[in-house]
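Below: the structure, in structure tokens.
Each reported figure results from applying straightforward, stated rules to the coordinates on display, with no laboratory input. Note that this is a predicted model, so its numbers are computed, not measured. Note that each Cβ is placed from the backbone with ideal geometry, even for glycine, and that neighbours are counted across all protein chains shown.
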Amino acid sequence: RPSVAFENVVFGYELDRTILHGLSFEVPAGAQVAIVGPSGAGKSTIARLLFRFYDPWSGRVTIDGQDIARVTQASLRAAIGIVPQDSVLFNDTIGYNIGYGRDRATREEIVAAARDAAIWSFIDRLPDGLETEVGERGLKLSGGEKQRVAIARTLVKDPPILLLDEATSALDSRTEQDILATLHRVSANRTSISIAHRLSTIADADEILVMDQGRLAERGSHAALLRAD
Ligand code: ADP
Ligand code: ADP
């Protein structure tokens, strides 16, 4: 499992406004790190730089010490599985949505790949299982079901790095806890970066980075940060 690092990263979207002011942190191989902080602190910007939607003005983002600017887009996409807050699904079945990202020739193979990801016990609870239609943009599913499909779709590709950008933030807290428990199980031993805004959702993280106005304000364990509160 790879390590991830930001080294003195300076970045802004507009020429006259710096968003990240020389940000440095490391996520050790296999560690689970959570990033929290107020809205506008720069958390999603970190996710966008890691996925190379943008490049830093200066500094580097590295995976296993290698500057991601020197890695092909294809291998970067293979290395990082991202789950956003609001996933868009195909107007097709759950099985197809989970399996499509794999390199499979036929529809049957695609759906079969999804079966491997059926750690998602909710699928058994739906009458049509993997054949359940998700509807336009996933509208036939509840928010929680939709996010489970999105997470399974990412996990089926077995990415060594998992990047969760507010993946459960829009859900009610019971559904959120249910999904987090499963996520904790499947992300053990995977390098994982979880962007969140509720401290309650990241109690399992090895380390928590607190962002404020584009800078690292604090870092520590969940318990240490609660003590400091
Ligand atoms: P801060 O507000 O943290 O002092 P600055 O805005 O001064 O940050 O920028 C920090 C670094 O980023 C400097 O080396 C600067 O030259 C570089 N920089 C600033 N704006 C841009 C830009 N639009 N394109 C490329 N590099 C930039
Ligand atoms: P967070 O995820 O912590 O809420 P973001 O990383 O989304 O914060 O945003 C950090 C700052 O960058 C905010 O001030 C936001 O307004 C600004 N920002 C985000 N995306 C863009 C963009 N595409 N263009 C210009 N500014 C942006």
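Taking 7 Å steps out from each Cα toward its Cβ at Ala170 and Ala29 produces label points 3.6 nm apart. Model label points for Asp16 and Thr72, set 7 angstrom from Cα along the Cα-to-Cβ axis, are 4.2 nm apart.
Cross-link reach is defined here as a Cα-Cα straight distance under 25 Å, omitting same-chain residues fewer than 8 places apart; for Lys43 the lysines meeting it are Lys146, Lys157.
How much net charge surrounds Ile35 when only other residues with a Cβ under 12 Å from its Cβ are counted (Lys, Arg +1; Asp, Glu -1)? Charge balance near Ile35 sits at -3. For the chain, the alpha-carbon radius of gyration amounts to 1.04 times the rule-of-thumb value 2.2 N^0.38 Å expected for a compact globular protein. The relative contact order of the chain, computed from alpha carbon pairs under 8 Å that lie at least 6 residues apart in sequence, is 29 percent. Placing unit charges on the Cβ atoms only, positive for Lys and Arg and negative for Asp and Glu, gives the chain a dipole magnitude near 220 debye about its Cα centre. Amide H to amide H, with H built 1.01 Å from N, Ala217 comes under 5 Å of Val210, Met211, Asp212, counting only residues 5 or more places away or on other chains. Each DSSP beta bridge with both residues in the chain is either parallel or antiparallel, and the antiparallel ones are about 55%.
By the Kirkwood approach, averaging reciprocal distances over each pair of separate Cα atoms, segment 22-70 gets a hydrodynamic radius of 12.0 Å.
Please work out the FRET efficiency for the pair Glu109 and Asn8, using the Cβ-Cβ distance as r and a Förster radius of 41 Å; give the result to the nearest 0.05. Let's see the in-between values first.
Details: r = 45 Å, r/R0 = 1.10.
Efficiency for this residue pair is about 0.35.
Model label sites at Arg1 and Ser142, defined 7 Å from Cα along the beta-carbon direction, differ in position by 3.0 nm.
Counting 0.36 nm for each residue step from Ser44 to Glu133 and taking away their Cα separation leaves a gain of 29.0 nm. Amide H contacts of Gly22 (H built 1.01 Å from N, in plane; Pro and chain starts excluded): Val9, Val10, Phe11 sit under 5 Å, all sequence-distant by 5 or more or on other chains. In the chain, the longest principal axis of the Cα atoms and the axis of helix 143-155 are about 80 degrees apart.
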